[in-house]
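The values are calculated or read from the model by the stated rules, or taken from the named source; none is laboratory data. This one's a predicted model, so the numbers in the text were calculated from it and none came from an experiment. For neighbour counting, all protein chains shown are included, and Cβ atoms are generated from backbone atoms with ideal geometry for every residue, glycine included. Ligands, DNA and RNA are excluded from the accessible area calculation, which covers all protein heavy atoms including side chains. Shrake-Rupley method; radii C 1.70, N 1.55, O 1.52, S 1.80 Å.
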Amino acid sequence: MMKTTRYLAGPDNTLAIGGALAPCIRPGMVFYLHGDLGAGKTTLVRGVLQGLGYAGKVKSPTFSLVELYEFSRLYFYHFDFYRIDRPQEWQEAGFREYFNDDSVCLVEWPEKAGDSLPSADVKIELEFSESGRVMEVSGLTEAGAYCVALLRNGND
């Protein structure tokens, strides 16, 4: 496993680091996003999408549970499982089929889905720190390690 840690002073830094992750995004990848409410998970996703060239509005899927962004032959699913009460709910909703070789899935609150979610390539943890956030990015697969290396090479 490969890791890197970054201090994010504000939302602009969170957007920028999301944009820096965009070049490593490949179909079939799964990202887990951990952090308290307001930690910057959706802002990070917005930065990734902007880095991929998406110019539309990016909203939190807290109530819809999933937002699809289809562009440039990429199926990009942004999940928020905060409101899930039972791990089986995400399967009952039919979300399992979204996790496939043609899709990129970023999942907020993956722990709410229990052990039934596919394994992550990248795990991102956002924590409040002083006036900003600390972000730890862990590459859990070869594709995930490439993302961490990209961040290290671009920001060290």
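The residues in segment 10-26 that are part of a helix (DSSP H, G or I) and open to solvent by 30 Å² or more (accessible area, probe 1.4 Å) can be counted, and the count is 7. In this entry, Glu127 is excluded by the filter for residues that are open to solvent by 30 Å² or more (accessible area, probe 1.4 Å) and without any contact (Cβ under 8 Å) to a residue 12 or more places away in the chain. Checking the stated criteria, Arg152 turns out not to satisfy the condition of being farther than 14 Å from Gly40 by Cα and exposed (fewer than 12 other Cβ atoms within 10 Å of the Cβ). The sole residue among Tyr7, Tyr82, Tyr69, Tyr77 that is over 25 Å from Ser131 (Cβ atoms) and open to solvent by 20 Å² or more (accessible area, probe 1.4 Å) is Tyr77. Within segment 31-46, one or more residues are aromatic (Phe, Trp, Tyr), closer than 23 Å to Ser119 by Cα and at pLDDT 95 or above.
Within segment 26-43, the set of residues being under 19 Å from Leu140 (Cα atoms), of a type outside the set (Phe, Trp, Tyr) and touching a helix residue (DSSP H, G or I) at 6+ places or on another chain (Cβ under 7 Å) comprises Arg26, Met29, Leu33, Gly35.
Residue by residue, here is whether (1) buried (at least 21 other Cβ atoms within 10 Å of the Cβ); (2) among the polar types (S, T, N, Q); (3) out of contact with any Gly (no Cβ under 8 Å at 6 or more places or on another chain); (4) assigned to a strand (DSSP E or B) holds:
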position	(1), (2), (3), (4)
Gly28	no, no, yes, no
His34	no, no, yes, yes
Val45	yes, no, no, no
Leu106	yes, no, yes, yes
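Residues satisfying the criterion are present in segment 69-86 (criterion: assigned to a loop (DSSP other than H, G, I, E, B), over 25 Å from Val148 (Cβ atoms) and in contact with a strand residue (DSSP E or B) (Cβ under 7 Å, 6 or more places away or on another chain)). Listed conditions (1) under 25 Å from Leu52 (Cα atoms); (2) open to solvent by less than 60 Å² (accessible area, probe 1.4 Å); (3) in a helix (DSSP H, G or I) are all met by Trp90, apart from (1). All told, Leu52 falls short of being of a type outside the set (Lys, Arg), under 25 Å from Glu142 (Cβ atoms) and in contact with a Ser or Thr (Cβ under 6 Å, 6 or more places away or on another chain).
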